[in-house]
Amino acid sequence: MSDTTPQTTLDESADVDDRDVSLRLEDVTKTFEDGGGEVVAVDSVSMDIRDGEFVVLVGPSGCGKTTTLRMIAGLEDPTEGRVVIHGEDVLGQEPRERNVAMVFQNYALYPHKTVRENLAFPLAIRKYPKEERASRVQEVAELLDIAELLDRRPGDLSGGQQQRVALGRAIIRDPEVFLFDEPLSNLDAKLRIEMRTELNKLHARVGKTSVYVTHDQEEAMTLSDRVAVMNDGKLQQIAPPQTVYERPANLFVEGEAVRATRAVLQTLGERLQAGDATDLVFGVRPEDVTDTTVVDESFPPETTFDAYVTVVEPIGANKDLTLAPSESAPEDEEFTVRVDANSTAQPGDTVTFAVDMSKAHLFDRATGENLTL
Ligand code: ATP
């Protein structure tokens, strides 16, 4: 990683050996003209992705994920910076010339072609010999468990089956890099989780460098070797999912948990002996909060706070409680905690909760930086 990327805090790729790098983004920036003005969609993003690594780009709508992916694919040219695939600067290469394959959320299968023809299409346009086409189609169909569907047309397949065909079409050429743009977002919840597992298995078997765009944090956590968190065109952090989770580089990465901030600060704030509390933001994960009334344990008073329960959602082994600092607090001060399923909290109750201080973080309000790493 070069010195010119100060925003890539906690970047654990710093020690990647050059020979292991499959895909490198070097200070990549993309600006678009926008009715006289300029939009910086991607702002000086750098990352090294290892051979065979699965990196998930995550972040809110408009943060520049898709644009980053499209620059790797060759569908957009960077305004500045370089995209390097296996040591080669690919600027000027057409998408087709780059050894990458892309899977989108709308699978874009040819409706009038059979599954076999859809799978073979990328090989046909590259003039692979007929026999090789047939053998590769068979191989990929078996890998994805769609061999019995080869003579059907996309319209006769379920959403999950269509997505498998789209995956098959991407892997059939054996590309250097796979690019996925929210490939599961059109599927229903159950199928999404199934396909996520399938993707994990596929990656374990095929082991290709993959860059995957999603705004689904669970997908990011379960699929990735490393998560790249983007906000406002900038890379916030790139690190293994557990690191991003346990040691968020800044307030943005901490995300949802930070919504607890103001409310918790109101009761905990003055007790935090960490300087001027108004300049600090206190953050804790929903699951690092305990409903003290159902645990046979005493908690140090400086770790506890009272909150008003607005919503109770049982989710199996846990309950998600939506809390507010008080009954009359505005909705934007609500936050969620995940407590034991034994919790008897009901909407309308005021309950004493305890925070696991060893998991809590303090952030600088002005810069968002995590001060407790
Ligand atoms: P989403 O999850 O909603 O797809 P994203 O993180 O993929 O969002 P991008 O699609 O990369 O975000 O867009 C980043 C920014 O660049 C947005 O502000 C978007 O409006 C802008 N943008 C993207 N493409 C263009 C374009 N062709 N012309 C002008 N602005 C664009």
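The values are calculated or read from the model by the stated rules, or taken from the named source; none is laboratory data. Just so we're clear, the structure is a prediction, and the values are computed from it rather than from any experiment. Cβ sites come from the backbone with ideal geometry, for glycine too, and all protein chains shown count toward neighbours. Areas reflect the complete protein model, heavy atoms only, side chains present, ligands, DNA and RNA absent. Shrake-Rupley method; radii C 1.70, N 1.55, O 1.52, S 1.80 Å.
Please return the longest range in the chain lying between exposed loop sites, taking GluC sites (Glu not before Pro), DSSP loop only, at most 10 other beta-carbon atoms within 10 Å, and leaving the sites out. Intermediate values should be presented prior to the final figure.
Details: sites that count: E297, E327.
In short, 1-296.
Take H215: with every protein chain present and a 1.4 Å probe, its accessible area is about 120 Å².
Nearest 5 percent is fine: what portion of the DSSP beta bridges confined to the chain is antiparallel?
Values: 49 of 68 bridges.
Around 70 percent of the beta bridges assigned by DSSP in the chain are antiparallel ones.
Sorting M230, M221 on solvent-accessible area from highest to lowest, probe radius 1.4 Å, gives M221, M230.
Over its Cα atoms, what ratio of radius of gyration to 2.2 N^0.38 Å does the chain give?
Working: Rg = 23.9 Å, N = 373, 2.2 N^0.38 = 20.9 Å.
Normalised by 2.2 N^0.38 Å, the Cα Rg of the chain equals 1.15.
Relative contact order for the chain: what percent, with Cα pairs under 8 Å and sequence separation of 6 or more?
17
V40 to R153: FRET efficiency via 1/(1 + (r/R0)^6), r the Cβ-Cβ distance, R0 35 Å, to the nearest 0.05? Once rounded, the FRET efficiency stands at 0.20. Counted by Cβ distance under 13 Å from N318, the other residues give a net charge of -3, where Lys and Arg count +1 and Asp and Glu count -1.
Ranked by solvent-accessible area (1.4 Å probe, protein heavy atoms only, all chains present), the residues F54, F121 order from largest to smallest as F121, F54.
Distance cut-off 26 Å, Cα to Cα: go down the list K201/K359; K127/K208; K319/K359; K190/K319; K130/K190 and report the pairs above it.
Details: K201/K359 32 Å; K127/K208 23 Å; K319/K359 20 Å; K190/K319 21 Å; K130/K190 38 Å.
With Cα atoms farther than 26 Å apart: K201/K359; K130/K190.
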